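Peer 1: The structure is given below, and queries will be raised subsequently.
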Amino acid sequence: MIPEGEVRPPRRASASAQFWRAAAAALLASLLSAAAVAAEIPAAERRSDYETMSRETRAMQDDDTANPGMLWVLDGEALWGRKAGEANRACADCHGDARESMKGVAARYPAFSPARGRPIDLEQRINMCRTERQKAPAFAPESKELIALAAYVGRQSRGMPISVSIDRMVEFVEAGRNLFHRRQGQLNLSCSQCHDDNWGKLLAGNVVPQAHPTGYPLYRLEWQAVGSLQRRLRNCMIGMRAEPYDYGAPEQVALELYLTWRARGMPVETPAVRP
């Protein structure tokens, strides 16, 4: 009997229960991988949007002195060393030289956050550090400061293979996959109808890409600015005449996670340039 007013501590799972939970998660991951891989574009046929661009636009991305996205990277470098918040702490105070400490980090995002119990993207991770470590207000979604820091961190992984791990995130990858194949909006379209079924064809004079997010945050000539993958996803949903999800919404992150996992092994191009 528990004495009145006393709270029983939470019961800890036995080693056996933990083992079977891990085994079930591994089996689910295997089944998901088999089903998703069978439906996706074969690895040998995966193409970055870079390959469909004009020679002039590719040259702009390749030359750091001509790539307009590098202006955001430079702003991010300045922010990296700038103290902020009640803690009067800079990113560099915890992480040191980003050229070393951030190498490969962006290639692993979205990643699982134990604190939130779900995946978060790189921009959310930056804001978590800002509010929890620097004791400063979070940057607004898609603000120049947040995009600049994400571009600077992303730049340190350029050329490295995307290596998102789906450990602990199988259900979220599946949610993103379902969103990718779900018909939405007044046009009753799904992402996969364009980017799986009709990639390489022309739509309004532009080549339909495979939707591999290899270069975000990236500079779009259409935007005349650097933006996040979530900004691009919202643009697509508006084009489908669907109600776009808010920045940072679980649906946005799940779709971002699925797309990034789908691009695994492809090299990071941040900051890429796109039409």
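Peer 1: With the contact rule set at Cα under 8 Å and sequence spacing of 6 or more, what percent relative contact order holds for the chain? Working shown, then result.
Peer 2: Values: 420 pairs, mean separation 66.8, N = 275.
In percent, rounded to a whole number, it is 24.
Peer 1: Still on this structure, please answer the following. Using the membrane-span-like helix rule (whole DSSP H runs, Cα extent along the own axis of at least 24 Å, mean Kyte-Doolittle hydropathy at least 0.5), which helices of the chain qualify? The partial results should precede the final answer.
Peer 2: Working: long enough: 15-39 (36 Å, 1.37).
Those that pass (Cα extent of 24 Å or more, hydropathy at least 0.5) are 15-39.
Peer 1: Shifting gears a bit: For the stretch 80-192, what is the relative contact order in percent, using Cα pairs closer than 8 Å and at least 6 residues apart in sequence? Before the final figure, lay out the partial values.
Peer 2: Working: 128 pairs, mean separation 30.2, N = 113.
Reported relative contact order: 27 percent.
Peer 1: Continuing with the same structure: What order do you get for 257-263, 186-192, 124-130, 153-159 when each peptide is scored by the mean count of other beta carbon atoms within 10 Å, highest first? Write out the running numbers ahead of the final one.
Peer 2: Values: 257-263: 24.7, 186-192: 15.0, 124-130: 19.4, 153-159: 21.6.
By packing density, highest mean first, the sequence is 257-263, 153-159, 124-130, 186-192.
Peer 1: According to a simple spin-label model (label point 7 Å from Cα along Cα-to-Cβ), what is the distance in nm between THR131 and ILE41?
Peer 2: Going from the ILE41 label point to the THR131 one covers 3.5 nm.
Peer 1: Given a Förster distance of 25 angstrom, what is the FRET efficiency for ALA249 paired with GLU171, based on the Cβ-Cβ distance and rounded to 0.05?
Peer 2: Details: r = 16 Å, r/R0 = 0.65.
Result of the calculation: an efficiency of 0.95.
Peer 1: Evaluate the Debye formula for the stretch 79-191 with equal point scatterers sitting on the alpha carbons, no solvent, and hand back log10 of I(q)/I(0) at q = 0.21 Å⁻¹, in q order, two decimals.
Peer 2: Cα-only, vacuum Debye calculation for the stretch 79-191: -1.20.
Peer 1: Next question. Across the stretch 48-275, how many lysine pairs, 8 or more apart or on two chains, come within less than 29 Å at their alpha-carbon atoms?
Peer 2: On the way: LYS83/LYS103; LYS83/LYS135; LYS83/LYS144; LYS103/LYS135; LYS103/LYS144; LYS135/LYS144.
Taking the stretch 48-275 as the scope, the lysine pair count is 6.
Peer 1: Okay, next question. Counting each pair of different Cα atoms once, what's the Kirkwood radius of the stretch 155-252 in Å, rounded to one decimal? Spell out each step's value before the answer.
Peer 2: Values: mean 1/r = 0.0664 Å⁻¹.
For the stretch 155-252, inverting the mean 1/r across all distinct Cα pairs yields 15.1 Å.
Peer 1: How much net charge surrounds ALA148 when only other residues with a Cβ under 9 Å from its Cβ are counted (Lys, Arg +1; Asp, Glu -1)? Could the numbers behind the result be given before it?
Peer 2: On the way: positive: LYS144; negative: ASP75, GLU77, GLU145.
It works out to a net charge of -2.
Peer 1: Once phi is turned into θ = phi - 60°, what whole-Hz ³J(HN,Hα) does the Karplus curve with 6.51, -1.76 and 1.60 give for every residue of the stretch 192-200, x standing for Gly and Pro?
Peer 2: Result, rounded to whole Hz: 5, 5, 7, 8, 9, 7, 10, 5, x.
Peer 1: Which length gain, in nm to one decimal place, applies between LYS144 and ARG182 when the Cα-Cα distance is subtracted from 0.36 nm times their residue separation? Write out the running numbers ahead of the final one.
Peer 2: Numbers: separation 38, 0.36 × 38 = 13.68 nm, distance 3.18 nm.
The span from LYS144 to ARG182 would gain 10.5 nm if fully extended.
Peer 1: How big is Rg to Rh over the chain, alpha-carbon atoms, Rh as the Kirkwood inverse-mean-distance radius? Can you show the working numbers first?
Peer 2: Details: Rg = 20.6 Å, Rh = 20.2 Å.
Dividing the radius of gyration by the Kirkwood radius yields 1.02.
Any read-out appearing in this document is the output of simple, stated calculations on the displayed coordinates, not a laboratory observation. Remember, it's a predicted structure, so these values are computed and weren't measured experimentally. FYI the Cβ positions are ideal-geometry reconstructions off the backbone, even for glycines, and counts take in every protein chain you see.
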